[in-house]
Amino acid sequence: MKKNVAIIGLGRFGLSVLKTLTNMKCEVMAIDCNKDRVSDASKFVQHCIICDSTKKENLEEIGIRNVNHVVVCIGKNVQASILTVINLKELGVEKISVRVDSEEYVKVMKSLGATEVISPEKDFGVDFAKRISLNDNNIQSYFELFNDYVLVKFKVQPNITPIKINDLAPRSKFEVLLNLIIREDKIIFPDGESMIEPNDLIYVVGKHSKVIKFEEYLND
């Protein structure tokens with residue numbers, strides 16, 4: 001059964017979420033009070049609705065109760081976001097994710113019934129700052145997960161000698177998980193017999209210090 005998701009607010013962030021969910025074969029309902037934004041979204045999904053989500057009767061009329069998950073991406077219009085979350089909660093929507101651009105509204109949204117609060121600018125800024133602070137050109141992306149655990153993508157230098165993962169032993173020696181290898185246009189889900197080769201892109205999960213130590217060891 002496909003997951004049914006509604007996106008309320010079709011600015012850059014909302015449209016990005018919409019495109020990604022569509023590519024992942026979710027059923028997506030696109031909602032905005034701006035007809036031009038709805039028109040843009042219609043290029044990617046069929047179910048697009050011009051709707052003022054601050055009016056509960058509007059949401060009820062379009063059948064929002066039947067949606068598994070609603071993502072509120074209204075952004076800077078905090079009042080509209082608050083009213084929308086209240087309406088969704090009163091209509092019985094179980095899973096509500098809401099975007100905020102200011103930390104002061106995180107607790108507010110949660111108290112109103114949001115099950116998840118997203119702060120894209122803050123989250124991106126934290127991850128970006130940590131990545132550049134590493135001063136390591138091999139690290140291409142850095143995502144903070146929780147409790148100091150991170151997901152890091154880094155490039156293997158072109159001059160390394162190919163090495164079998166069992167011999168490298170990332171889990172037992174470094175306490176990290178090597179989740180994915182991208183080699184040219186090929187995706188590899190590695191096992192112990194897989195090889196790490198020059199210029200591979202590697203995705204690794206673990207505590208920040210462990211992942212960085214692993215990358216430095218491999219590319220030393």
Every residue from region 52-61 that is surrounded by 17 or more Cβ atoms within 10 Å (Cβ to Cβ) and touching a residue at least 24 places away in the same chain (Cβ under 8 Å): Ser53, Thr54, Leu59
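Within region 62-72, how many residues are buried (at least 20 other Cβ atoms within 10 Å of the Cβ) and assigned to a strand (DSSP E or B)? Show your work before the answer.
First pass over region 62-72, keeping only residues buried (at least 20 other Cβ atoms within 10 Å of the Cβ): 64, 67, 70-72.
Within this subset, residues satisfying the condition of being assigned to a strand (DSSP E or B) are 70-72.
Total satisfying the criteria: 3.
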Per-region count, region 3-41, residues over 21 Å from Leu59 (Cβ atoms), in contact (Cβ under 8 Å) with a residue 12 or more places away in the chain and part of a loop (DSSP other than H, G, I, E, B): 1
Inter-residue pairs, beta-carbon under 9 Å, first under 15 Å from Asn179 (Cα atoms) and at pLDDT 90 or above and in region 147-168, second among the hydroxyl-bearing types (Ser, Thr, Tyr) and outside any strand (DSSP E or B), 6+ apart: Lys164/Ser194; Ile165/Ser194; Asn166/Ser194; Leu168/Tyr217
Tally, over region 20-43, of residues that are surrounded by 16 or more Cβ atoms within 10 Å (Cβ to Cβ), out of contact with any Asp or Glu (no Cβ under 7 Å at 6 or more places or on another chain) and of a type outside the set (Asp, Glu): 9
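The values are calculated or read from the model by the stated rules, or taken from the named source; none is laboratory data. Values in this document were obtained by computation on a predicted structure and should not be read as measured data. Backbone-built Cβ (ideal geometry, glycine too); neighbour counts: all protein chains shown.
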